[in-house]
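To keep things clear, I will list the structure first and then write my remarks on it.
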Amino acid sequence: MSTLRALARAQALAAGVAQPVATVRHLHLAERPLVLVPLAMAGEANAPLAALVGDAPDAARLLIVPQPRNRDQRFAFAAELAGIVLPYLDGFRGVSEAVPVDRGRDVRYRHVDAPQLLVPNPAGVTFLRLFGRSTRFRRPDGDYPVHPAVPVLGRWLTFFAERAEHPGSSALVAMTDALTLHWATGQSVVEDLHLPALLGWIDPPAGLTGAEAAARAEDPDTCPPAGPATDPDFDNHRLAPAIAAYADAEDDPVARAGAYAELERLLRDQLAPTWELMWRGVGLLRGLPPGARVTGRWDGDKDAFTGYAEHVDAGGAPQPRRDGAVAAAQRLHRLERALTSYAVQRAYDDPLVMAEHRLTGEAFVGEVILADPKRVDDTGKRPVLRPRIQLVTTEPVSTPVGATLYSPARPAQKARVVFVVPAADGKTEVVLELSGGMGRGLTAPPGTVPEVGERLCYTTLSDTFMPAGAFPAVEETPWTHGGPPALAPATPDPGLVAVPATPGPDAGTTNRVVAALPTEVDGDPDEEWA
């Protein structure tokens with residue numbers, strides 16, 4: 001936890017309401033997201049119990065599994081869920097757009113938009129990941145067939161779960177993560193995973209403080225858990241008798257229909273409050289303006305969606321149960337690069353996020369007091385435009401002379417530190433030499449060089465392109481990493497010599513191979529060898 005976030009939590013506790021830790025929204029919010037609130041049965045490994053699904057506040061559809069231990073009913077639930085999710089995904093595959101590549105010399109095509117799934121908390125993401133793993137390898141034929149849409153649903157759920165691990169992706173978003181990215185509450189990080197309590201701090205009812213609203217939200221009778229886990233008291237005293245009544249009415253259609261209706265009522269009552277909270281959270285997030293670089297990250301989600309849709313259409317195989325060594329290394333490398341880029345982009349978009357880096361010495365803010373926009377460096381083979389500016393700042397400057405800095409106001413421009421001089425009244429003067437972002441001529445276009453009086457932030461954080469690492473092909477790795485098996489040696493080890501076998505009662509003329517033992521090791525002739 002950063003110093004500023006810890007301070008914001010303390011201020012939230014003192015003020016009785018959550019404090020903003022962002023000035024812009026750092027994630028994309030679709031016009032028509034698909035909200036999915038799942039419930040799982042306690043004591044069973046990710047056994048679905050119910051789900052409330054829909055792409056509008058008044059379009060909720062309830063799916064239930066009357067007997068979660070019944071395999072056929074679980075896959076019938078998966079087929080019903082596929083009947084909602086897959087048409088929603090297909091709705092984004094009608095129109096494509098041309099994207100220039102290779103510096104405009106060629107184009108590629110991707111869908112103009114992509115789907116977005118919203119779940120209440122990270123446990124909901126885990127539920128979808130496990131549910132996708134349990135369905136994507138099923139077959140519509142052979143032993144234990146399932147509906148043809150079930151394995152397709154499993155593959156898409158796995159795709160979204162993998163995108164949720166990608167820093168900056170908005171394809172699958174946990175609402176608690178989205179809210180805590182922009183607000184700090186006066187409760188613990190673990191308590192922030194409870195969506196009703198979190199929203200109680202961010203948007204408390206009139207007349208209540210955030211702490212009072214959060215305490216009220218912890219009452220399972222008024223605010224049931226946001227799933228996928230259920231309240232134990234509800235499980236023991238209400239859910240279990242309803243499931244038992246449904247099972248006992250197997251031979252009585254009328255009683256069975258009544259028991260099913262009672263189960264629907266119970267489960268809808270559990271899910272409806274979370275459904276309302278999800279759309280309330282969507283409204284709060286929509287109230288924040290999007291960051292400047294959110295659109296670029298959403299373009300990455302559109303690229304990923306387009307690529308996987310083409311893979312599915314081409315009859316590609318489902319995702320493997322586990323990655324090979326090379327694929328795992330490549331995936332980890334991609335996630336690390338994305339995490340670095342995401343951290344820089346958030347800082348460039350949001351002064352509050354950049355303030356955290358200013359506290360650690362990775363950035364400073366200063367005012368331009370001198371500027372030489374016409375300076376030309378003619379010490380090389382040809383003259384180049386190299387303007388210099390001088391800033392004064394009250395913040396500590398820990399960057400050494402010769403370091404390269406960047407400004408969020410002009411991200412394509414580099415600034416090399418020429419001098420760092422302490423001034424009076426605890427101030428520091430910094431002289432920077434600029435390059436890039438000013439065209440190819442010897443005259444800087446207007447606005448490309450900072451002017452006197454302009455207040456700027458400079459940082460060591462760079463949002464420049466990071467090339468991907470080089471990884472070997474699978475067949476070029478050793479057998480321990482998925483490559484070809486090791487070949488047996490064609491010749492005997494030169495360290496082995498053949499000596500006659502010691503005669504014995506069963507000894508013949510066969511020789512035995514023993515290691516040629518040295519007479520000493522490290523100069524110690526008395527050392528024993530095993």
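Within the range 57-96, the set of residues being in a loop (DSSP other than H, G, I, E, B), open to solvent by 10 Å² or more (accessible area, probe 1.4 Å) and free of Cβ contacts under 8 Å to residues at least 60 places away in the same chain comprises Asp58, Ala59, Arg69, Asn70, Gly91, Gly94, Val95.
Note on the range 185-222: among residues that are assigned to a loop (DSSP other than H, G, I, E, B) and buried (at least 16 other Cβ atoms within 10 Å of the Cβ), the one that is nearest to the chain's Cα centre (by Cα) is His194. Of the set (1) surrounded by 12 or more Cβ atoms within 10 Å (Cβ to Cβ); (2) over 30 Å from the mean Cα position of the chain (by Cα), all apply to Asp252 but (1). Listed conditions (1) small (Gly, Ala, Ser); (2) under 15 Å from Ala363 (Cα atoms); (3) surrounded by fewer than 18 Cβ atoms within 10 Å (Cβ to Cβ) are all met by Ala415, apart from (3). Residues in the range 225-234 that are of a type outside the set (Asp, Glu) and surrounded by fewer than 20 Cβ atoms within 10 Å (Cβ to Cβ) were compared, and the one that is nearest to Arg265 (Cα to Cα) is Phe234. Among the residues of the range 97-128, just one is of a type in the set (S, T, N, Q) and part of a helix (DSSP H, G or I), namely Thr126. Pairs please, first residue from the range 186-197 and touching a residue at least 24 places away in the same chain (Cβ under 8 Å) and closer than 16 Å to Gln19 by Cβ, second anywhere and among the aromatic types (Phe, Trp, Tyr) and part of a loop (DSSP other than H, G, I, E, B), Cβ atoms under 7 Å, 6+ apart in sequence or on different chains. Close Cβ pairs satisfying both conditions: none exist.
Considered as a group, the residues in the range 216-245 that are among the small types (Gly, Ala, Ser) and touching a helix residue (DSSP H, G or I) at 6+ places or on another chain (Cβ under 8 Å) include one that is farthest from Ala272 (Cα to Cα), and that residue is Ala245. If the condition is being out of contact with any helix residue (DSSP H, G or I) (no Cβ under 6 Å at 6 or more places or on another chain), touching a residue at least 24 places away in the same chain (Cβ under 8 Å) and either open to solvent by less than 50 Å² (accessible area, probe 1.4 Å) or farther than 30 Å from Ala473 by Cβ (or both), then the range 308-326 contributes Ala309, Val312, Gly324. Is it the case that some residue within the range 229-240 is in contact with a strand residue (DSSP E or B) (Cβ under 9 Å, 6 or more places away or on another chain) and outside any loop (DSSP other than H, G, I, E, B)? Yes; the residues of the range 229-240 include at least one that is in contact with a strand residue (DSSP E or B) (Cβ under 9 Å, 6 or more places away or on another chain) and outside any loop (DSSP other than H, G, I, E, B).
For the range 10-33, the candidate set comprises residues that are assigned to a loop (DSSP other than H, G, I, E, B) and under 26 Å from Ala211 (Cβ atoms); within that set, the residue that is farthest from the chain's Cα centre (by Cα) is Gly16.
What number of residues within the range 441-468 are small (Gly, Ala, Ser) and exposed (fewer than 12 other Cβ atoms within 10 Å of the Cβ)?
Quick first cut of the range 441-468, residues small (Gly, Ala, Ser) only: 441, 444, 447, 453, 462, 468.
Remaining after also requiring exposed (fewer than 12 other Cβ atoms within 10 Å of the Cβ): 441, 447, 453, 468.
Counting residues in the range 441-468 that are small (Gly, Ala, Ser) and exposed (fewer than 12 other Cβ atoms within 10 Å of the Cβ) gives 4.
Contact map, the range 463-480: first residue touching a residue at least 60 places away in the same chain (Cβ under 8 Å) and more than 29 Å from Tyr348 (Cα to Cα), second residue open to solvent by less than 80 Å² (accessible area, probe 1.4 Å) and in a loop (DSSP other than H, G, I, E, B), Cβ cut-off under 8 Å, separation 6 or more or different chains; pairs are Val474/Gly324; Val474/Gly482; Val474/Gly483; Thr477/Gly483.
Evaluate the following for Leu263: is it touching a helix residue (DSSP H, G or I) at 6+ places or on another chain (Cβ under 6 Å), part of a helix (DSSP H, G or I) and open to solvent by less than 50 Å² (accessible area, probe 1.4 Å)?
Details: touching a helix residue (DSSP H, G or I) at 6+ places or on another chain (Cβ under 6 Å): yes; part of a helix (DSSP H, G or I): yes; open to solvent by less than 50 Å² (accessible area, probe 1.4 Å): yes.
Spelling it out, Leu263 is indeed touching a helix residue (DSSP H, G or I) at 6+ places or on another chain (Cβ under 6 Å), part of a helix (DSSP H, G or I) and open to solvent by less than 50 Å² (accessible area, probe 1.4 Å).
The values are calculated or read from the model by the stated rules, or taken from the named source; none is laboratory data. In this text the structure is predicted, and so the values were computed from the model without any measurement. Glycine gets a Cβ as well: all are built from the backbone with ideal geometry, and neighbour counts include every protein chain shown. All accessible areas refer to the heavy atoms of the entire protein, side chains included, with ligands and DNA or RNA removed. Shrake-Rupley method; radii C 1.70, N 1.55, O 1.52, S 1.80 Å.
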